[in-house]
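Shown next, in structure tokens, is the structure this report addresses.
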Amino acid sequence: MRMYDLIMKKKHGCTLTEEEIRFFVDGYTKGEIPDYQMSAFLMAVCFRGMDEKETLSLTMAMAESGEMLDLSAIHGKKADKHSTGGVGDKTSLILGPMVASLGVPVAKMSGRGLGHTGGTIDKLESFPGFSVALSNEQFISNVNRMKLALVGQTAELAPADKKLYALRDVTATVDELSLIASSIMSKKLAAGSDVIVLDVKAGSGAFMKTYEDARKLAELMVKIGNGAGRKTYAVISDMNQPLGFAVGNILEVKEAIEALNGRAPEDLNDACMTLASYMLLGTGRAKELSEAKELLRESIETGAALRKLAELVKAQGGDERYVYEPDRFPTAKLSYELKAEADGYISEMLTEEIGMTSLILGGGRETKESKIDLTVGIVFNKKIGAKVAAGETIAVLYANDDDRLRAGVSRLRNALCVRTEPCEPLPHILGVVDKS
Ligand code: URA
């Protein structure tokens, strides 16, 4: 079998067999297929797609490309959550501690930023000393001891996805349904949790731009998860504006700490409560959504969830004082207040462009080797539907370099639309898929 032929086959829109899919997954994982051939193949998939059977074969080949974690030594039903990628999405930092503080084991496997979207690992590394490089034994023992541990994708866990994820990030081949479904589900299946809650984003800042595409992705992933014996739910949530107000690693961590102190913006609160409720429902910790929400509210009000975040940070080598004193975090040297030019209402926020602005400011990777600047980003004062007066600040941009700041300001200006007619705020939760 030759990779050249498989590229050609996909270029012409043909269906690949399971054997062919295993061939390129194994060959790429072992380094026998070079990046340039895999990039061409991924681009062909972006134009031609893969059917359900191909997607399932790709998922299983990637899940089995490394070790499948055996979490049976963890007591109780374990929950994991994964987002398809968004802008300002800091939900894992909030709901992981909330759910764990209620006694449910959260064995969380997270990723880094991808394309214009942020990643939980980059955010957590804002805590000096924090490490996601736990051995399997440490991971299991931490979850047993404190109900929460968070690891990055190790070289052993779904290594095919790890390599493909990094390649897709820099070859504009992220936003394809089968590639996203197989990437997420291969990791989730290999990481071994019993309950998987997926946050499928829809809108201008998501890889799926329309509700219909997001629903297709949600249904496909729920089918793959349930088919593999994991209780899987997908919540479809809006990504036509950033989640919460902050975009950028440290800025988002600070907003997450605010949320754990009971001061979450409404959309962020809705997203965390809904996703966390399904984690409680799936593991049997709550019988109904209303009971789950009540328990979660208590976890915030009593401070238990905030303390759990501090425990997580400390257990993984980080400085937990930052949880209680977020002013310790370093800040960017430069800032710029973007002001409204006229009276009106915020009618549109082109959210992928907002993610790209954060990347330009230094908060994302431009090549596989790029180092990110954790201090930069944007803090908005307004959401869609809000009234603004001429001269009022809509957002503040943070950077450490004049050129980057200038480029970021002009990109952000073009991403925001103010109209004279009033417009409605956006709904946050668009749907749930809980059966396949
Ligand atoms: N998150 C992932 O893990 N993979 C994707 O492809 C997109 C989001």
| remark: Restricting attention to the stretch 226-243, the residues that are assigned to a loop (DSSP other than H, G, I, E, B) and either buried (at least 24 other Cβ atoms within 10 Å of the Cβ) or of a type in the set (Val, Ile, Thr) (or both) number exactly 4
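One line per residue, one yes/no per condition, for (1) out of contact with any strand residue (DSSP E or B) (no Cβ under 9 Å at 6 or more places or on another chain); (2) open to solvent by 40 Å² or more (accessible area, probe 1.4 Å); (3) under 14 Å from Val99 (Cα atoms); (4) aromatic (Phe, Trp, Tyr):
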| residue | (1), (2), (3), (4) |
| --- | --- |
| Val247 | no, no, no, no |
| Ala286 | yes, no, yes, no |
| Ser290 | yes, yes, no, no |
| Ala304 | yes, no, yes, no |
| Glu311 | no, yes, yes, no |
| Asp319 | yes, no, no, no |
| Val323 | yes, no, no, no |
| Lys339 | no, yes, no, no |
| Leu350 | no, yes, no, no |
| message | Just checking: which of the helices (runs of 4 or more DSSP H) contained wholly in the stretch 1-117 hold 3 or more residues that are open to solvent by 10 Å² or more (accessible area, probe 1.4 Å) and within 16 Å of the ligand (Cβ to nearest atom)? | response | 35-48
| Applying the selection to the stretch 181-218, what residues are open to solvent by 10 Å² or more (accessible area, probe 1.4 Å), more than 11 Å from the ligand (Cβ to nearest atom), within 26 Å of Gly355 (Cα to Cα) and in contact (Cβ under 8 Å) with a residue 60 or more places away in the chain? | Ser204, Tyr211, Arg215
| note | Taking the stretch 118-132 and keeping only residues that are part of a loop (DSSP other than H, G, I, E, B) and charged (D, E, K, R), one is left with Glu125
| Across the stretch 148-179, what is the total count of residues that are in contact with a strand residue (DSSP E or B) (Cβ under 8 Å, 6 or more places away or on another chain) and either outside any loop (DSSP other than H, G, I, E, B) or away from the ligand (no atom under 11 Å from the Cβ) (or both)? | 10
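The values are calculated or read from the model by the stated rules, or taken from the named source; none is laboratory data. As the structure is a computational prediction, the values presented were derived from the model and not from experiment. Using ideal geometry, Cβ is built from the backbone for each residue, glycine included, and neighbour counts are taken over all protein chains shown. When the accessible area is computed, the model is the full protein with side chains, heavy atoms only, and any ligands, DNA or RNA have been set aside. Shrake-Rupley method; radii C 1.70, N 1.55, O 1.52, S 1.80 Å.
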